[in-house]
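These notes concern the structure reproduced below.
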Amino acid sequence: MHPHAVSGPVRWHARWVLPIAGPPIADGTVVTAGDRILWVGPRAEAPHGAPGGDARDEDLGDAILTPGLVNAHTHLDLTLMRGGLEDLDFFAWIRTLTRAKRQLLTAADFRDSALLGVAEGLAAGITTFGDTADNDAPFEALRALGARGIAFREVFGPDPAECDRSMADLAAAVEARRAHATPLVRVGVSPHAPYSVSDALFAAVAAYAAREGLPVAVHAAESAAEDDLVQRGTGPFADFLRARGIAVEARAAGPIALLEAAGLLRAGTLLIHCVRASGADVQRVVAAGCGVAHCPASNAKLGHGTAPLAAFLAAGARVGLGSDSMASNDAMDLLAEARLAVFAQRAAAGRADLLPAAEALALATRGGARALGLEAEVGTLEPGKQADLVAWRATATGGPVGHPAAALVFAGAGMRAHRVLVAGVERARDGVVAGLDPAVPGRVRDAARRMAEWRGQRTAG
Ligand SMILES: [Zn+2]
């Protein structure tokens, strides 16, 4: 299909409209014009016209209409690694991933991989992505397929002696990319994680981002190995850094305290994971106004544990859901993340009333928008917001739909969205993504096969 820009005002009618900003509307209507939402309410009360002329009717029938889903944390360029790094402990997992990036994969691989990642997301109703990468592929792929997002440019550098060079490279990459930013696709920075970034580099990025008005994303408090390094200067990351000639000592009471000392605990910073956040950490993160990307599938698959989501929500945190990379998930499916988020919290607490489906769906929409600082534009269906809409076929959840949010969250995993609009332009319909080169999936499969062979050789060698 070709991207379909909807001209003139449209009245989108659906069996259910879930504005997230308010209760579900049975037999509801959303009126859009261009890239904006004009009106949301019961169909019987929907205005017939709008500034711009008479409205056209689009009857979606037995559908559930929601805001576009917001995936607060992705690594779109790593889509080709799905199934490629199974059953490794965290240190071996990230070392193998990094070696594959450096020794095997090409810019063309990352380009295809990112395009496929955005396409899979759009097909699954994700209209906004918070992506971190050390190359331009996700930024370009978001622009090419008309999705919305923040492309956080990653910077690495565990050796304080590398700090100035890392900052120069980061600034050059950000400047080059900023010239091509659009209202939909923006630029941020991502000092990767405490085990891959020195304290000096964290502080330098914090100062640079503040000066330039750039949003920041950091992986934080993800693993026990990270705690060992930060709190005690021990464990596999400490051994690895010492072997490279980098001095290692205890740095802080924990990763959140380390980021606070670097000046990164502030509004405009997205903290990715926060699995091992203490009660005091939760309070500090919320008081600082940071966003949190909760990635339940990735955290469970890599054996990191379950983040204290209920504590973050009780404290009023700006929490969204993230799929993380396909190397640690392996599905780009935010409804599945919402389901797992509920199940993990309820299983741990022994309570059935924790995190109702409507709240979990809010995490996948408004929560992600708040975590990324985009809540003025997306995350809910409200007049004045961007026309990022997703229609889900109610029958695809198995039916009958007694509770639309529960149908999506508990029975919607794996669903392809029926209609997906970003800023009023249709970008996907029933799994078909507008503008995706049909050769891309095959090329990504080839790259994945090369990676499997490379790993086989490495094991044999
Ligand atoms: Zn990540």
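The values are calculated or read from the model by the stated rules, or taken from the named source; none is laboratory data. This is a predicted model, so every value here is computed, not measured. Heads up, the Cβs are rebuilt from the backbone with ideal geometry, glycines too, and the neighbour counts pull from every protein chain shown. Remember, those area values only see protein heavy atoms, side chains included, never the ligands or the DNA or RNA. Shrake-Rupley method; radii C 1.70, N 1.55, O 1.52, S 1.80 Å.
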Residue that is farthest from Ala307 (Cα to Cα), among those in segment 220-246 that are within 16 Å of the ligand (Cβ to nearest atom) and free of Cβ contacts under 8 Å to residues at least 60 places away in the same chain: Glu226
Failed condition for Gly68, given (1) under 19 Å from Gly28 (Cα atoms); (2) surrounded by fewer than 19 Cβ atoms within 10 Å (Cβ to Cβ): (2)
Among the candidates Arg416, Arg443, Arg346, residue that is open to solvent by 20 Å² or more (accessible area, probe 1.4 Å), assigned to a loop (DSSP other than H, G, I, E, B) and among the basic types (Lys, Arg): Arg416
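Residues are listed down the side, and each one gets a yes or a no for (1) under 23 Å from Ile150 (Cα atoms); (2) open to solvent by 10 Å² or more (accessible area, probe 1.4 Å); (3) touching a residue at least 40 places away in the same chain (Cβ under 8 Å):
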| site | (1), (2), (3) |
| --- | --- |
| Ser323 | yes, no, yes |
| Asp330 | yes, yes, yes |
| Asp333 | yes, yes, yes |
| Ala358 | no, yes, yes |
Test for Ala310: is it more than 16 Å from the ligand (Cβ to nearest atom), touching a residue at least 24 places away in the same chain (Cβ under 8 Å) and within 20 Å of the chain's Cα centre (by Cα): yes
Test: Ala315 is open to solvent by less than 10 Å² (accessible area, probe 1.4 Å) and either within 16 Å of the ligand (Cβ to nearest atom) or over 13 Å from the mean Cα position of the chain (by Cα) (or both): no
Hits in segment 367-397 - residues which are assigned to a helix (DSSP H, G or I) and surrounded by fewer than 24 Cβ atoms within 10 Å (Cβ to Cβ): Arg370, Ala394, Thr395, Ala396, Thr397
All positions within segment 127-139 that are within 15 Å of the ligand (Cβ to nearest atom), within 10 Å of the chain's Cα centre (by Cα) and in contact (Cβ under 8 Å) with a residue 60 or more places away in the chain: Gly130, Thr132
Residue count, segment 284-304 (criterion: away from the ligand (no atom under 16 Å from the Cβ) and open to solvent by 10 Å² or more (accessible area, probe 1.4 Å)): 5
Residues located in segment 74-126, provided they are within 16 Å of the ligand (Cβ to nearest atom), modelled with pLDDT of 95 or more, in contact with a Phe, Trp or Tyr (Cβ under 9 Å, 6 or more places away or on another chain) and not hydroxyl-bearing (Ser, Thr, Tyr): Leu76, Asp77, Leu78, Leu80, Ala114, Gly117, Gly121
Residue among Ala181, Ala204, Ala141 that is part of a helix (DSSP H, G or I) and open to solvent by 10 Å² or more (accessible area, probe 1.4 Å): Ala204
